[in-house]
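Visitor: This is the structure I want to talk about, given as structure tokens.
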Amino acid sequence: MTRPIAYITNPLVRHSAERDPEALANAARDPRTAMVVLAGDLPVLQAGEPGTSLLPSSILGRLPGHQEQVFLGTLGDRPVVATLAAPEAAESFLDDPAFAVVDLRSIAVRGLVPAEELGLLAMAKSLLDWHRRHRFCANCGAPTQLAQAGFRRDCGACGAQHFPRTDPVVIMLITRGDKCLMGRQPRFAEKMYSCLAGFLEPGETIEDAVRRETFEEAGIRVGAVRYMTSQPWPFPSNIMIGCIGEALTEEITFDGEELEDARWFTKDDVRRMLEGTHEQFDAPSPIAIANHLVREWVKN
Ligand SMILES: [Zn+2]
């Protein structure tokens, strides 16, 4: 079964031009509002087959208190608000079988909510994580306050405005005729190989980041680079930029620090890896954009 890449489907209308203080206050007191709650970085789900992360606003009464709230947007006529609670708030749900508190990666892997909710959960997690870690002004050190319905923090002391960050990561399938390059990191599941990836640096194009990372990690020179697709990756706030790159050289070298192995795979290898019938190697995780990149490549 082919599942969609996780976190890419987000049906919310964001209303980004209407993020004034009233938008958040109105949404927070609207009885129709769907509440997305994170205890620290763990979403609270209503259990079910599948469950849901869209909780009635009365859920706030179950929490020992809460911190920042963000107006995420609307789903039809329902406002959606994300609420940050302390990590200890998870304990209020531990003995209640109607709820589950699960990390967002497992929610995607296990399909615990409909695929459409994964995108808005990624949005909620990245934004609330940013609020959690940016309570002080990077310019002058004074405490900052939430603004623009949760999409900005303002410093009352020096007037600086701070915006939520998204960190770009290039992830690339490097090809050479009928072969593609994949590597494995020590933390990967046994037998799994995946696309090479790395952070885009300031002042660097996406194409150059693909070329630099591939040369640094595997010693392969890359020529033409083509953008394929992207995936929000909320751990905590990356955007994975999926590319295909054409190798100009074939000899792989790696230092063993970042990668413990890198090798060329034939299309036949990759087909069997995707089917789970390869004796030696496994494909990248089905929730990840790397799986999509190799799946598209073997089609042609
Ligand atoms: Zn300041």
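The values are calculated or read from the model by the stated rules, or taken from the named source; none is laboratory data. Note that the coordinates shown come from a computational prediction; the quantities given were computed from them, not determined experimentally. No Cβ is skipped: glycine too gets one built from the backbone with ideal geometry, and neighbour counts run over all protein chains shown. Accessible surface areas use protein heavy atoms only, side chains included; no ligands, DNA or RNA. Shrake-Rupley method; radii C 1.70, N 1.55, O 1.52, S 1.80 Å.
Visitor: Filter the range 97-110 down to the residues that are out of contact with any Phe, Trp or Tyr (no Cβ under 9 Å at 6 or more places or on another chain) and open to solvent by 40 Å² or more (accessible area, probe 1.4 Å), then identify the one that is farthest from residue 61 (Cα to Cα).
Guide: Among those that are out of contact with any Phe, Trp or Tyr (no Cβ under 9 Å at 6 or more places or on another chain) and open to solvent by 40 Å² or more (accessible area, probe 1.4 Å), it is 109.
Visitor: Looking at 219, 256 in this structure, which one is at positive phi, at pLDDT 95 or above and out of contact with any strand residue (DSSP E or B) (no Cβ under 6 Å at 6 or more places or on another chain)?
Guide: 219 is the lone residue from the list that is at positive phi, at pLDDT 95 or above and out of contact with any strand residue (DSSP E or B) (no Cβ under 6 Å at 6 or more places or on another chain).
Visitor: For the range 140-161, check the following and say yes or no: at least one residue is under 26 Å from the mean Cα position of the chain (by Cα), more than 10 Å from the ligand (Cβ to nearest atom) and under 30 Å from residue 217 (Cβ atoms).
Guide: There is no residue in the range 140-161 that is under 26 Å from the mean Cα position of the chain (by Cα), more than 10 Å from the ligand (Cβ to nearest atom) and under 30 Å from residue 217 (Cβ atoms).
Visitor: Sort out which residues of the range 256-281 are touching a Gly at 6+ places or on another chain (Cβ under 7 Å) and open to solvent by 20 Å² or more (accessible area, probe 1.4 Å), and write them in order of number.
Guide: Within the range 256-281, just 261 meets the criteria.
Visitor: Restricting attention to the range 168-204, which residues are assigned to a strand (DSSP E or B), open to solvent by less than 70 Å² (accessible area, probe 1.4 Å) and either of a type in the set (Ser, Thr, Tyr) or under 19 Å from residue 236 (Cβ atoms) (or both)?
Guide: 168, 169, 170, 171, 175, 194, 197, 198
Visitor: Just give me the residues in the range 282-300 being crowded, with 17+ Cβ neighbours inside 10 Å and in a loop (DSSP other than H, G, I, E, B), in sequence order.
Guide: 283, 284, 285, 286, 287, 288
Visitor: In the range 210-264, which residue that is free of Cβ contacts under 8 Å to residues at least 40 places away in the same chain and among the hydrophobic types (A, V, I, L, M, F, W, C) is nearest to residue 169 (Cα to Cα)?
Guide: By that ranking, first place goes to 215.
Visitor: Just to be sure before I move on: is residue 68 open to solvent by 30 Å² or more (accessible area, probe 1.4 Å) and either at pLDDT below 95 or not basic (Lys, Arg) (or both) in the structure I sent?
Guide: So residue 68 does not fit the description; no.
Visitor: OK, next. What single numbered condition from (1) free of Cβ contacts under 8 Å to residues at least 40 places away in the same chain; (2) basic (Lys, Arg); (3) under 19 Å from residue 40 (Cα atoms) fails to hold for residue 105?
Guide: Among (1) free of Cβ contacts under 8 Å to residues at least 40 places away in the same chain; (2) basic (Lys, Arg); (3) under 19 Å from residue 40 (Cα atoms), the lone unmet condition for residue 105 is (1).
Visitor: Shifting gears a bit: Pull out all pairs, ordered by first then second residue, where Cβ-Cβ is under 6 Å, the residues are six or more apart or on different chains, the first lies in the range 14-43 and is hydroxyl-bearing (Ser, Thr, Tyr), and the second is surrounded by fewer than 19 Cβ atoms within 10 Å (Cβ to Cβ).
Guide: Every condition considered, the pairs that remain are 33/57.
Visitor: Can you tell me how many residues in the range 135-155 are in contact with a Lys or Arg (Cβ under 9 Å, 6 or more places away or on another chain) and outside any strand (DSSP E or B)?
Guide: 6
Visitor: Before we move on, is residue 210 in a strand (DSSP E or B) and of a type in the set (Val, Ile, Thr)?
Guide: So residue 210 fails the test.
Visitor: Identify, from the list 229, 253, the residue that is open to solvent by 20 Å² or more (accessible area, probe 1.4 Å), in a loop (DSSP other than H, G, I, E, B) and farther than 13 Å from residue 195 by Cα.
Guide: After ruling out the rest, the residue left standing is 253.
Visitor: Determine whether the range 162-184 contains at least one residue that is within 16 Å of the ligand (Cβ to nearest atom) and either modelled with pLDDT of 95 or more or in contact with a Pro (Cβ under 8 Å, 6 or more places away or on another chain) (or both).
Guide: The answer is yes; a qualifying residue exists.
Visitor: Give me a count of the residues in the range 1-54 that are open to solvent by less than 20 Å² (accessible area, probe 1.4 Å), under 21 Å from residue 129 (Cβ atoms) and over 24 Å from the mean Cα position of the chain (by Cα).
Guide: Final tally of qualifying residues: 1.
Visitor: Further, regarding this structure: Among the residues of the range 115-128, is any out of contact with any strand residue (DSSP E or B) (no Cβ under 8 Å at 6 or more places or on another chain), farther than 27 Å from residue 61 by Cα, touching a residue at least 12 places away in the same chain (Cβ under 8 Å) and away from the ligand (no atom under 16 Å from the Cβ)?
Guide: Looking through the range 115-128, at least one residue is out of contact with any strand residue (DSSP E or B) (no Cβ under 8 Å at 6 or more places or on another chain), farther than 27 Å from residue 61 by Cα, touching a residue at least 12 places away in the same chain (Cβ under 8 Å) and away from the ligand (no atom under 16 Å from the Cβ).
Visitor: Checking residue 79 against (1) within 16 Å of the ligand (Cβ to nearest atom); (2) buried (at least 22 other Cβ atoms within 10 Å of the Cβ); (3) not basic (Lys, Arg), only one condition comes out false. Which one?
Guide: (1)
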